[in-house]
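What follows is a single structure, written as structure tokens, with notes after it.
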Amino acid sequence: MKDHTRRHPLRDSSQDRKEAVEVPDTPQTRSPAYALAFADPDFLCRDELRPVRLQLELLKPELMLDEQGIESTIVMFGGARIPAPENKDSARTKTLADLSKYYDEARKFAKLMTETGESHENVVVTGGGPGVMEAGNKGAVEAGGKSIGLNIVLPHEQAPNEYVTPELCFNFHYFAIRKMHFLMRAKAITVFPGGFGTLDETFEALTLIQTGRMERVPFLLFGRAFWESIINWDALSEAGTISADDLELFRFVETAEEAVDALNNWEGAGEKRGVIPGR
């Protein structure tokens with residue numbers, strides 16, 4: 001993070017942190033009680049410090065994105081298990097192999113958005129993992145631009161994909177804070193076929209827009225056949241659990257070019273619902 005001109009004459013906390021490890025070795029200095037609170041990982045991981053950890057996970061990426069000048073983002077959600085077309089023969093199921101075409105569409109879409117955008121606007125953001133996420137970050141690299149990766153610690157070993165811009169690669173403990181960062185700068189949301197994680201992200205974002213908690217932004221679902229096979233959208237409307245108007249909050253697209261055209265011709269972006277239809 002950038003150094004800022006100090007606005008007060010008090011001693012620097014970073015200085016104290018460095019010097020605190022060089023104190024004489026005594027029973028007192030070896031005690032956990034003696035460690036500086038902000039430099040004590042065991043203390044920061046206590047249950048009682050959860051509010052502080054939540055604040056830190058919100059604040060660190062926010063400050064660093066500001067320092068990098070990132071003003072707006074294009075969100076790309078999608079499955080980690082979808083292979084690149086050249087690897088589709090190793091896919092676990094035929095459906096996953098067939099869905100590999102969306103890896104390519106994600107890559108092309110990210111490339112197009114990065115080529116047509118400013119370096120600080122409409123920056124591609126993914127979950128930083130494999131599959132569709134990798135495709136999005138890769139497309140940005142192919143266009144010579146930056147992209148963001150919002151990774152999360154999982155029980156199995158995982159590293160961010162190699163295409164995420166290193167200084168825009170973040171790691172999270174809290175899913176909730178990670179999802180906030182996906183949406184705080186979002187100017188459009190695109191969703192590719194995926195599993196539980198993709199569905200969670202999709203429906204949380206749709207709920208925020210549906211309830212007026214978030215402004216309307218272009219919301220595109222890649223792959224009508226996939227989405228209509230797993231979700232009966234019309235049944236929700238016919239049952240009355242959502243309004244028919246809610247089905248207008250998103251559109252289906254198949255290709256990167258179709259998605260770019262939809263973004264350029266989207267009506268109602270920036271508006272926020274004052275009422276929930278059907279209530």
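The table that follows gives values for the structure above.
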| quantity | calculated |
| --- | --- |
| Residues of the stretch 143-173 that turn out to be of a type in the set (Val, Ile, Thr) and either in the same structural domain as residue 56 (by TED's automatic domain parsing) or not in a strand (DSSP E or B) (or both), as a count | 3 |
| Condition met for residue 176 (aliphatic (A, V, I, L, M), closer than 13 Å to residue 78 by Cα and in a helix (DSSP H, G or I)) | no |
| Which listed residue, of 106, 159, 97, is hydrophobic (A, V, I, L, M, F, W, C) and touching a residue at least 24 places away in the same chain (Cβ under 8 Å) | 106 |
| Residue that is touching a strand residue (DSSP E or B) at 6+ places or on another chain (Cβ under 6 Å) and of a type in the set (Val, Ile, Thr), where the choices are 74, 82 | 74 |
| Checklist (1) in contact (Cβ under 8 Å) with a residue 60 or more places away in the chain; (2) farther than 30 Å from residue 110 by Cβ; (3) not hydroxyl-bearing (Ser, Thr, Tyr) applied to residue 70, failing item | (2) |
| Residues located in the stretch 226-279, provided they are over 13 Å from residue 210 (Cα atoms), β-branched (Val, Ile, Thr) and in a loop (DSSP other than H, G, I, E, B) | 231, 255 |
| Looking only at the stretch 248-279, and only at residues there that are among the β-branched types (Val, Ile, Thr) and more than 22 Å from residue 227 (Cα to Cα), the one that is surrounded by the most Cβ atoms within 10 Å (Cβ to Cβ) | 276 |
| Subset of the stretch 214-225 that is in contact (Cβ under 8 Å) with a residue 40 or more places away in the chain and outside any loop (DSSP other than H, G, I, E, B) - its residue that is surrounded by the most Cβ atoms within 10 Å (Cβ to Cβ) | 222 |
| Number of positions in the stretch 73-110 that are among the hydroxyl-bearing types (Ser, Thr, Tyr) and either within 17 Å of residue 160 (Cβ to Cβ) or surrounded by 15 or more Cβ atoms within 10 Å (Cβ to Cβ) (or both) | 4 |
| Every pair of residues 6+ apart whose Cβ atoms lie under 6 Å, when the first sits in the stretch 238-265 and is over 11 Å from residue 219 (Cβ atoms) while the second is modelled with pLDDT under 95 | 243/277; 243/278; 245/277 |
| The stretch 194-213, subset more than 16 Å from the chain's Cα centre (by Cα) and either without any contact (Cβ under 8 Å) to a residue 24 or more places away in the chain or assigned to a loop (DSSP other than H, G, I, E, B) (or both), residue nearest to residue 84 (Cα to Cα) | 207 |
| Matching option when the condition is in the same structural domain as residue 96 (by TED's automatic domain parsing) and part of a helix (DSSP H, G or I), among 140, 188 | 140 |
| Criterion: under 20 Å from residue 258 (Cα atoms) and either surrounded by 16 or more Cβ atoms within 10 Å (Cβ to Cβ) or β-branched (Val, Ile, Thr) (or both) - qualifying residue of 151, 171, 122, 161 | 122 |
| Odd one out for residue 53 among (1) more than 17 Å from the chain's Cα centre (by Cα); (2) free of Cβ contacts under 8 Å to residues at least 60 places away in the same chain; (3) not assigned by TED's automatic domain parsing to the domain that holds residue 154 | (2) |
| Leading residue by the ranking (farthest from residue 138 (Cα to Cα)) among those in the stretch 72-109 that are of a type in the set (Lys, Arg) and part of a loop (DSSP other than H, G, I, E, B) | 92 |
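The values are calculated or read from the model by the stated rules, or taken from the named source; none is laboratory data. Keep in mind the model is a prediction, meaning the values are calculated, not measured. Every residue, glycine as well, gets a Cβ built from its backbone with ideal geometry; the counts of neighbours run over all protein chains shown.
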